[in-house]
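The values are calculated or read from the model by the stated rules, or taken from the named source; none is laboratory data. Given the structure is predicted, the values throughout are model-derived calculations rather than measurements. Cβ placement follows ideal geometry from the backbone for every residue including glycine, while neighbour counts extend to all protein chains displayed.
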Amino acid sequence: MKKLIPLAALLAACQSMSDDPARATAALQPTQGNKAFGEATFEQVGDKVRIIVFTQNLPPERELGFHIHEAGDCSSGDGMSAKGHFNPFGKPHGHPGSGERHAGDLPMLKVEKNGRAKLDVTVDGISIGSGPGNIVGRGLIIHAQADDYKTQPTGNAGARLACGVIKAG
């Protein structure tokens, strides 16, 4: 005999599935001539996104620029196919704590003696899967130098050491 699932239980199950936060990931691969690699995860938390990044084989004891870029394309070998910083709201380049910044301007990666860096930050101005700040399908870049948060439009962060494409899921 078949057992029927009460309608209330079925609705509760559907509700809990829709409450799961949107998530995305990016596998960072080295650009030509570099060895840096890593992984980033993104999770929608209300109107902000939590970003967790683990990277390796970076120049030790430095701070490096880290940005979401316009195009999810790492095919050029040097990361330049990812184009410029993701900037759907037409803002100037700036510090991630500022309201006047590109949506893709993120805090710098602080590299340890062993060439590894970790970042766990929650930022506004971006989203996963919807709206003008949607980062799915965008590029993620680790730069070779620190971001000065002043030079327009790049922050003078230099060459691109690693590139990844942000994918839903």
Picking from 121, 136, the residue that is in contact with a Pro (Cβ under 6 Å, 6 or more places away or on another chain) and of a type in the set (Val, Ile, Thr) would be 121
Pairs under 8 Å by beta carbon, first residue in contact (Cβ under 8 Å) with a residue 60 or more places away in the chain in region 108-119, partner assigned to a loop (DSSP other than H, G, I, E, B) and not aliphatic (A, V, I, L, M), six or more apart or different chains? 119/107
When the residues of region 152-169 are filtered to those that are touching a Pro at 6+ places or on another chain (Cβ under 8 Å) and not in a loop (DSSP other than H, G, I, E, B), which remaining residue is surrounded by the most Cβ atoms within 10 Å (Cβ to Cβ)? 162
Does at least one position in region 137-151 carry a residue that is within 19 Å of residue 46 (Cβ to Cβ), modelled with pLDDT under 95 and surrounded by fewer than 16 Cβ atoms within 10 Å (Cβ to Cβ)? no
Counted residues in region 26-42 being surrounded by fewer than 17 Cβ atoms within 10 Å (Cβ to Cβ) and touching a residue at least 12 places away in the same chain (Cβ under 8 Å) come to 6
Cβ-Cβ below 6 Å, separation at least six or inter-chain, first residue in region 122-143 and touching a residue at least 40 places away in the same chain (Cβ under 8 Å), second hydroxyl-bearing (Ser, Thr, Tyr): which pairs? 133/127
Residue among 79, 33, 84, 65 that is of a type in the set (Gly, Ala, Ser) and under 21 Å from residue 127 (Cβ atoms): 84
Scan region 101-115 for residues that are touching a Leu at 6+ places or on another chain (Cβ under 7 Å) and either assigned to a loop (DSSP other than H, G, I, E, B) or more than 19 Å from residue 161 (Cβ to Cβ) (or both) and jot them down. 107, 108, 111, 115
In region 74-120, the residues that are within 18 Å of residue 37 (Cα to Cα), surrounded by 13 or more Cβ atoms within 10 Å (Cβ to Cβ), under 14 Å from the mean Cα position of the chain (by Cα) and among the charged types (D, E, K, R): 118
What tally of residues in region 125-156 results from selecting those that are out of contact with any strand residue (DSSP E or B) (no Cβ under 8 Å at 6 or more places or on another chain) and among the small types (Gly, Ala, Ser)? 3
